[in-house]
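Novice: After the structure tokens below, expect a handful of questions from me.
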Amino acid sequence: MSNTYYDPKDLRKFGKISEWNSELGDKFFDWYGAVFKEGALSAREKSLIALAVSHTVQCPYCIDAYTKDALERGISKEEMMEAVHVSGAIRGGASLVHSVQMMNKVEKLSM
């Protein structure tokens, strides 16, 4: 068994974030719950989005939670991987588009 910085058991402690500030913690959980209710997007679609975003922000707790949620909602491993690739493409593109800032700076300094 290897130790990691992120302890998977800590995911179960997520609900405790309200202990040190119940007002804000409760507001967060009310909002969080409302976000994931069926609406214009299905709970299945929201789960897949959450899984992709989890990879973008690199939250191991979220990745674990939404991988499990996706499987429970019948999302296939192929759909999950495709969503993760979309996440990677957006993240990569966001890094690359910032090269325009570098290019502008090089042009300005080269004048």
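Novice: Show the residue pairs that are 6+ apart or on different chains and have beta-carbon atoms under 9 Å apart, the first residue being within region 11-37 and within 18 Å of Y61 (Cα to Cα), the second being aromatic (F, W, Y) and surrounded by 10 or more Cβ atoms within 10 Å (Cβ to Cβ).
Specialist: L11/Y61; F14/Y61; G15/F29; I17/F28; I17/F29; S18/F28; S18/F29
Novice: For the structure I just gave you, tell me whether S47 is within 28 Å of Y5 (Cβ to Cβ), of a type in the set (S, T, Y), out of contact with any His (no Cβ under 8 Å at 6 or more places or on another chain) and modelled with pLDDT of 95 or more. Outline the logic, then answer.
Specialist: Working: within 28 Å of Y5 (Cβ to Cβ): yes; of a type in the set (S, T, Y): yes; out of contact with any His (no Cβ under 8 Å at 6 or more places or on another chain): yes; modelled with pLDDT of 95 or more: yes.
For S47, the condition - within 28 Å of Y5 (Cβ to Cβ), of a type in the set (S, T, Y), out of contact with any His (no Cβ under 8 Å at 6 or more places or on another chain) and modelled with pLDDT of 95 or more - is met.
The values are calculated or read from the model by the stated rules, or taken from the named source; none is laboratory data. What you see is a predicted model, and the numbers here were worked out from it, not measured in a lab. Please note: Cβ atoms are built from the backbone with ideal geometry, for glycine as well, and neighbour counts cover all protein chains shown.
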